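Structure first, then comments.
Only the coordinates and a few stated rules stand behind these numbers; no lab work does. Just so you know, these numbers come straight off a predicted model, no measurement behind them. With ideal geometry, Cβ positions are generated from the backbone for all residues, glycine too; neighbour counts draw on all protein chains shown.
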Amino acid sequence: MNLVEVLVAGSLVLGSATASLGIWARTAHSSHDADQLLQEQRAADAALLAVQARLQALSAEQRAAGAPAPATCPELSTLQTPEDAASAGGDSGLTLAVDGSGRIVTATAQAGEEHTRTRSFDLAVYGLCDAAGGTS
């Protein structure tokens, strides 16, 4: 094997190794980004489940008191705990909004920069107010 053959073989091995390393690095970076997005989505889902748990707790308190469903739905401030208010400005990006009727609460949690998780809760389903039209 002469010097030219050794140099060509060495450059081919070096080029192949560099390309493989680049592919491996991009794959590792993509995997890390996917894991981070999954963690953010799980945190957003946990925030939405916390809202649901709060509504269920309020419903259980009302049933334990033996009170019938009130004619008017509760204010948004009574639905939020101090932890919800603190997390609204924190990492989860949780926001609560009430529709015009006051019955439907929409909870939105930010999951990453481009993704959001949104759930709507009907307060009448939880027994926190009368159903629309007076029917149940």
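Suppose R0 equals 22 Å; then what is the FRET efficiency for THR95 and SER59 from their Cβ-Cβ distance, rounded to the nearest 0.05?
Working: r = 22 Å, r/R0 = 1.00.
So the FRET efficiency works out to roughly 0.50.
The stretch 52-75 to the stretch 29-44: how many Å between their Cα centroids?
Rounded to whole Å, the Cα centres lie 36 Å apart.
Please give the calculated 222 nm ellipticity per residue for the chain, where each DSSP H segment of at least 4 residues contributes -39500 (n - 2.57) and the sum is spread over every residue; nearest 500 deg cm²/dmol?
The per-residue figure over the chain is -19500 deg cm²/dmol.
Identify, among VAL4, LEU94, GLY127, the residue whose Cα sits farthest towards the positive end of the charge dipole of the stretch 3-134, taking +1 on the Cβ of Lys and Arg and -1 on the Cβ of Asp and Glu, with the dipole about the Cα centre.
The one lying farthest along the dipole's positive direction is GLY127.
Work out the length of the dipole vector of the stretch 3-134 about its Cα centre, built from +1 on the beta-carbon of each Lys and Arg and -1 on the beta-carbon of each Asp and Glu, and round it to the nearest 20 debye.
Value, rounded to 20: 240 debye.
Can you tally the net charge around ALA131? Count Lys and Arg as +1, Asp and Glu as -1, for every other residue whose Cβ sits under 13 Å from the Cβ of ALA131.
It works out to a net charge of -1.
With the crude spin-label approximation of a point 7 Å out along Cα→Cβ, what separation in nm comes out for LEU37 versus ALA71?
Once both label points are built, they end up 5.1 nm from each other.
On C-alpha positions alone, give me the angle between the axis of helix 3-65 and the longest principal axis of the chain, in degrees, nearest 10.
Value to nearest ten degrees: 10.
In what sequence, highest mean first, do 47-57, 20-30, 94-104 appear when ranked by Cβ atoms within 10 angstrom?
The densest-packed peptide leads the list: 47-57, 94-104, 20-30.
Per the Debye formula with a single identical scatterer at each Cα and no solvent contribution, what log10 I(q)/I(0) holds for the chain at q = 0.14, 0.16, 0.20, 0.22 Å⁻¹?
The Debye formula, applied to the Cα set alone, gives -0.74, -0.86, -1.11, -1.23.
Gaussian network model of the chain, Cα springs within a sub-10 Å range: biggest mean-square fluctuation belongs to which of SER120, SER16, SER77?
SER16
Mind giving me the nanometre distance, one decimal, between the label points for LEU14 and LEU49, set 7 Å out from Cα along Cα→Cβ?
Output for this residue pair reads 5.4 nm.
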